[in-house]
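Trainee: Just dropping this structure here.
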Amino acid sequence: MVELMFPLLLLLLPFLLYMAAPQIRKMLSSGVCTSTVQLPGKVVVVTGANTGIGKETAKELAQRGARVYLACRDVEKGELVAKEIQTTTGNQQVLVRKLDLSDTKSIRAFAKGFLAEEKHLHVLINNAGVMMCPYSKTADGFEMHIGVNHLGSGVTTYSVHPGTVQSELVRHSSFMRWMWWLFSFFIKTPQQGAQTSLHCALTEGLEILSGNHFSDCHVAWVSAQARNETIARRLWDVSCDLLGLPID
């Protein structure tokens, strides 16, 4: 009898996991932005907004009445998403502008164009990033990951970790795409992954927590090295030097 139990459990395990998946995903997606703040008259920029977390973030901010700029490398895909968001939210102030974070010329052109259009920027969501790319360099000769994720995105007020999210971030790795598919029932949707970014952008009174790291809409622990101001200053100085910017 005992010999039969083990094979039976193995057969039942996938079924049990399937049944438990909604509860497990809910548990892993505990952070939810509860702010009811509306954004009429506010100007927002979301990088990498043509897919995944960026798209869902832009959609929510447009729903709240903001004028939202989708800053995308692929303008054609961005335009399709902009039309989708306009139709879904009824907000026609969803605009697409070219921004390639792997090219500082593109970054400067985007900034110059934005300043010519707008007097203020109220919310900046640095969402775009890359992961597990084959070795390559940016237009300026930096390794792609550090060039895009650090030097291209610049310095943000808050650091957020969205969790494990079903997105195109793993597109460069066949193994990771397979793992994401295998465990898809337990992985956050892009909408769930967008909650922490929305929380930091919308929740009033977070100014006193500026510079903290957030996960699931709460301040999260970071290592001692990440809290070391001397290391942070050195990183800032090195980054400015690499980009040819004055060190203040």
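Trainee: Select from region 203-248 those chymotrypsin sites (Phe, Trp or Tyr not before Pro) which occupy a DSSP coil region and have at most 13 other Cβ atoms within 10 Å, ordered by residue number.
Mentor: TRP221
Trainee: Under a straight-distance cross-link criterion of Cα-Cα below 14 Å, which aspartates and glutamates are reachable from LYS59, leaving out those fewer than 8 residues away in the same chain?
Mentor: GLU79, GLU84
Trainee: Can you pick out the pairs among LYS77/LYS137; LYS83/LYS137; LYS105/LYS188; LYS77/LYS112; LYS42/LYS137 whose Cα atoms lie more than 29 Å from each other?
Mentor: Listed pairs above 29 Å: LYS83/LYS137; LYS105/LYS188; LYS42/LYS137.
Trainee: How would LYS105, LYS59, LYS188, LYS42 line up by accessible area, probe 1.4 Å, largest first?
Mentor: LYS105, LYS42, LYS59, LYS188
Trainee: Net charge near THR203: determine it from the other residues with C-beta under 14 Å of the C-beta of THR203, scoring Lys and Arg +1 and Asp and Glu -1.
Mentor: -3
Trainee: Sorted by mean Cβ packing within 10 Å, highest first, what order do the peptides 124-133, 73-82, 222-231, 49-58 take?
Mentor: 49-58, 124-133, 73-82, 222-231
The values are calculated or read from the model by the stated rules, or taken from the named source; none is laboratory data. Everything quoted here is computed from the prediction, not taken from an experiment. Neighbour counts run over all protein chains shown; Cβ positions are idealised from the backbone, glycine included. Surface accessibility is based on the protein's heavy atoms, side chains included, excluding ligands, DNA and RNA. Shrake-Rupley method; radii C 1.70, N 1.55, O 1.52, S 1.80 Å.
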